[in-house]
Amino acid sequence: MKVIFAGPTLHGANLPPSTDYELRPPARQGDFFGAIQDGANVIGLIDGIYEYVPAIWHKEILFGLSQGVHVFGAASMGALRAAECSAFGMVGLGEIYEGFASGVLENDADVAQSHAPAEMGFIPLSEPLVNVRATISQCLERSQITSAEHDQLQDAAKAIFFKDRTYRRVVWSAIQDADRAGAVLAVLRANNVNLKLHDAQLLVESVMSTPDCRFIPDFSWTFEATSVWNGMFAIVKPE
């Protein structure tokens with residue numbers, strides 16, 4: 001059994017139909033452990049929920065690894081957790097993961113975005129900073145904006161709260177001339193770089209290509225089932 005936790009990051013993705021994995025909503029605390037208990041041998045973490053509920057716990061990931069579960073992370077919460085847990089065996093994928101792992105990215109706000117609920121297909125309602133930064137930089141490389149505009153746009157994008165960040169809001173916060181602002185907005189939209197989706201697709205490919213069986217753990221660390229862990233996740237052992 002293979003499980004991928006994803007929501008807004010995969011919205012609009014042109015993924016081939018597959019019965020090779022089960023797509024579940026963005027993970028919250030307990031969901032990862034639940035997938036392991038359901039029999040998952042391969043788990044891919046893309047999106048997670050954290051604002052109003054406890055986020056996926058690192059110890060859930062360590063438990064999965066200790067049980068021989070293949071664990072991948074990319075694009076969003078998955079990239080952040082992979083950077084934090086790669087030393088223990090979690091596999092990170094993509095440019096965003098590399099950013100967190102190297103320290104170029106340090107804040108979970110860099111990948112955060114607001115979105116509609118599951119009933120509406122997790123439609124993105126704002127733009128994540130990693131996508132906006134990549135788009136602005138690409139437009140500069142293509143000489144579609146000036147260096148000064150690039151810097152102004154980057155500063156504006158970073159200053160806007162993640163729930164309010166749209167290309168329109170970024171442009172109108174950075175460029176005062178209405179005609180130029182309209183032209184720049186059109187350029188950004190036409191050259192949108194969806195870095196999160198690109199990395200998420202790498203994860204889907206990796207999950208699909210990984211054998212649906214657990215590996216034999218051979219780590220230098222041992223999973224410790226603390227009293228807090230046992231209190232949260234009581235595991236019924238067979239007699």
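Read-outs throughout are calculated quantities, based only on the coordinates presented, and are distinct from any laboratory measurement. Please read these numbers as outputs of a predicted model, since none were measured by experiment. Backbone-built Cβ (ideal geometry, glycine too); neighbour counts: all protein chains shown.
Amide H to amide H distances under 5 Å link R28 with I49, where only residues 5 or more positions off or on other chains count and H is placed in the peptide plane.
To the nearest 500 deg cm²/dmol, what mean residue ellipticity at 222 nm is calculated for the chain from DSSP H runs of n ≥ 4 alone, each contributing -39,500 (n - 2.57), summed and divided by the residues?
-12500 deg cm²/dmol
Evaluated at q = 0.21 Å⁻¹, a Debye calculation over the C-alpha positions of region 63-192 (equal weights, vacuum) places log10 I(q)/I(0) at -1.17.
Classify region 70-125 as rounded, prolate or oblate from the Cα gyration tensor: take a ≥ b ≥ c as the square roots of its eigenvalues, call it rounded if a/c is under 1.5, otherwise prolate when a/b beats b/c and oblate if not. Judged from the Cα gyration tensor, region 70-125 comes out oblate (a/c at least 1.5, b/c at or above a/b).
Please label the shape of region 1-114 as rounded, prolate or oblate, based on the square roots a ≥ b ≥ c of the eigenvalues of the alpha-carbon gyration tensor (a/c under 1.5 means rounded; beyond that, a/b larger than b/c means prolate, else oblate). It comes out rounded by the Cα gyration axes. Compared with the dominant principal axis of the Cα atoms in the chain, helix 178-190 is inclined by about 40°. When the listed pairs K59/K196; K2/K196; K59/K158 are checked against a 28 Å cut-off, the alpha-carbon distance exceeds it for K59/K158. Computed from point charges on the beta carbon alone (+1 for Lys and Arg, -1 for Asp and Glu), the dipole magnitude for region 76-143 about its Cα centre is near 100 Debye.
How far is helix 129-141 tilted off the main Cα axis of the chain, in degrees rounded to 10, range 0 to 90? Approximately 40 degrees, to the nearest ten. Neighbours of Q29 by Cβ distance under 11 Å: Lys/Arg scored +1, Asp/Glu scored -1, total 0. Rounded to the nearest 20, the Cβ-based charge dipole of region 7-142 about its Cα centre (Lys and Arg +1, Asp and Glu -1) stands at 60 debye. As a rough footprinting exposure proxy, the listed residues K196, K59, K158 were ranked by other beta carbons within 10 Å of their own, and the order from fewest upward is K158, K59, K196. Reported value for region 119-239: 246 Å³ per residue, from the convex hull of its C-alpha atoms. Using alpha carbons only, how many degrees (0 to 90, rounded to 10) separate the axis of helix 147-159 from the longest principal axis of the chain? Tilt of helix 147-159: around 50 degrees.
Other residues with beta-carbon under 12 Å from the beta-carbon of P124 carry, at +1 per Lys or Arg and -1 per Asp or Glu, a net charge of +1. Legend: P(r) of the chain from all alpha carbon pair distances, 10 Å bins from 0, whole percents, reading 7, 30, 32, 18, 9, 3, 0, 0.
Going by C-beta contacts inside 10 Å, put M208, M1 in order with the fewest on the left.
If I rank by nearby Cβ atoms, fewest first, I get M1, M208.
Taking a sphere under 12 Å around the Cβ of V53 and counting the other residues whose Cβ falls inside, with K and R at +1 and D and E at -1, yields a net charge of -1.
Placing +1 on each Lys and Arg Cβ and -1 on each Asp and Glu Cβ, with no other charges, gives region 88-185 a dipole about its Cα centre of roughly 200 debye.
What separates the Cα centres of region 95-167 and region 174-239 is a distance of 16 Å. Please state the shape class of region 1-65: rounded when a/c is under 1.5, otherwise prolate if a/b exceeds b/c and oblate if not, all from the C-alpha gyration tensor. Taking the square roots of the gyration eigenvalues as a ≥ b ≥ c, region 1-65 is oblate.
Among T210, T146, a tally of other beta-carbon atoms within 10 Å of each Cβ gives an order, fewest to most, of T146, T210. The HN-Hα couplings worked out from phi for region 84-100 by the Karplus form 6.51 cos²θ - 1.76 cosθ + 1.60 (θ = phi - 60°) are 7, 10, 4, 5, 9, x, 6, 9, x, 9, x, 5, 5, 4, 4, x, 5 Hz, whole numbers, x standing for Gly and Pro.
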